[in-house]
Amino acid sequence: MNAIEINRLTKNYGKSRGITDLDLTVERGEFFGFIGPNGAGKSTTIRAMLGLLKPTSGSVSVLGMNSRELTSILSRIGYLPSENTYYPGMRVRDVLKLSAALHKTDSVGEAERLCDILQLDTSKKASELSYGNRKKLSIVCALAHSPELLILDEPTGGLDPLMQNAFFDILREKNSQGTTVFFSSHILSEVQNNCTRTAVIKEGRIIACDCVDKLKAANVKRIRFTGNAPLDNLTGIRNFETDGKTVSFLFSGDMNSLISILAEGTTEDLEIHEPDLEETFMHYYEEV
């Protein structure tokens with residue numbers, strides 16, 4: 001049984017686009033990335049997964065349960081929305097006790113451990129917390145009951161770099177213990193550094209889904225060379241940059257053609273390497 005199975009999922013908002021014919025499978029134990037810019041359909045997909053909105057068509061299964069089984073699903077997952085609010089009069093420790101009671105678990109000890117790691121003061125009122133500290137509180141509420149599946153929607157907003165590092169250390173720890181992590185973000189370095197597999201969503205459709213390393217290697221290379229060559233005759237060039245002597249570009253054409261054209265000129269130095277995930281992401285968005 002997979003952690004998440006989505007089949008031909010569509011959600012329309014009247015005449016506005018939501019998501020269209022999404023197919024996606026996340027295996028148990030994966031650290032899975034879900035990337036796309038704001039408005040691509042990431043949050044809509046997550047809300048449909050959780051049964052928080054009714055899809056126009058298609059089906060979703062979370063931990064083997066239909067998305068309509070909302071109570072059962074929420075008891076076994078940790079969900080971190082991109083935005084959060086709390087009862088303003090409650091102190092952090094009271095919010096954590098309420099979260100433990102709602103999940104019907106004795107998670108106060110784990111919550112206190114996570115608060116120590118994230119440097120979250122449990123004596124403060126929720127209404128007194130900064131945006132970053134409210135995000136820390138959301139993280140603790142999502143993780144403290146040791147869920148089988150974590151669904152995280154833009155989770156690092158408001159966290160400073162040190163707290164981001166601490167947060168990812170916690171996620172890797174949970175993942176090593178068997179927790180499946182579904183990590184939605186538009187920050188590509190976060191996905192590249194932490195996820196083993198990822199899906200790319202554009203305008204409500206999945207346009208690529210594979211291991212991060214394979215996505216980076218697929219059909220595109222970063223070329224950098226010093227010299228002169230008739231590159232006007234070469235197809236498959238993107239993101240062309242030059243300082244007058246050294247040339248750099250993304251290349252998705254035929255490698256033999258590239259070598260032949262470089263041989264027609266003078267090449268003093270040549271580098272061919274895999275692009276980072278951000279370059280690959282932009283390649284997919286331009287191509288599809």
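Just one residue in the set 66, 84 is over 16 Å from the mean Cα position of the chain (by Cα), under 24 Å from residue 148 (Cβ atoms), of a type in the set (S, T, N, Q) and open to solvent by 50 Å² or more (accessible area, probe 1.4 Å); that residue is 66.
Among residues of region 31-54 being in a loop (DSSP other than H, G, I, E, B), touching a helix residue (DSSP H, G or I) at 6+ places or on another chain (Cβ under 8 Å) and open to solvent by less than 20 Å² (accessible area, probe 1.4 Å), the one that is farthest from residue 154 (Cα to Cα) is 50. Within region 13-38, restricting attention to residues that are under 22 Å from residue 176 (Cα atoms) and charged (D, E, K, R), the residue that is nearest to the chain's Cα centre (by Cα) is 30. Residues that are farther than 24 Å from residue 34 by Cβ number at least 1 in the following helices (runs of 4 or more DSSP H) confined to region 80-196: 92-103, 108-118, 131-143, 161-176. The residue list 261, 223 contains one member that is over 30 Å from residue 26 (Cβ atoms) and not in a strand (DSSP E or B), which is 261. For region 199-215, does any single residue satisfy the condition of being crowded, with 17+ Cβ neighbours inside 10 Å and more than 16 Å from residue 24 (Cβ to Cβ)? The answer is no; no qualifying residue exists. Filtering 233, 256 for residues that are in contact (Cβ under 8 Å) with a residue 12 or more places away in the chain, open to solvent by 30 Å² or more (accessible area, probe 1.4 Å) and out of contact with any Cys (no Cβ under 8 Å at 6 or more places or on another chain) leaves a single hit, 233. Of 18, 29, 58, all but one fail to be at pLDDT 95 or above and not basic (Lys, Arg); the exception is 29.
The values are calculated or read from the model by the stated rules, or taken from the named source; none is laboratory data. What you see is a predicted model, and the numbers here were worked out from it, not measured in a lab. Please note: Cβ atoms are built from the backbone with ideal geometry, for glycine as well, and neighbour counts cover all protein chains shown. The area values use the complete protein model at the heavy-atom level, side chains included, leaving out ligands, DNA and RNA. Shrake-Rupley method; radii C 1.70, N 1.55, O 1.52, S 1.80 Å.
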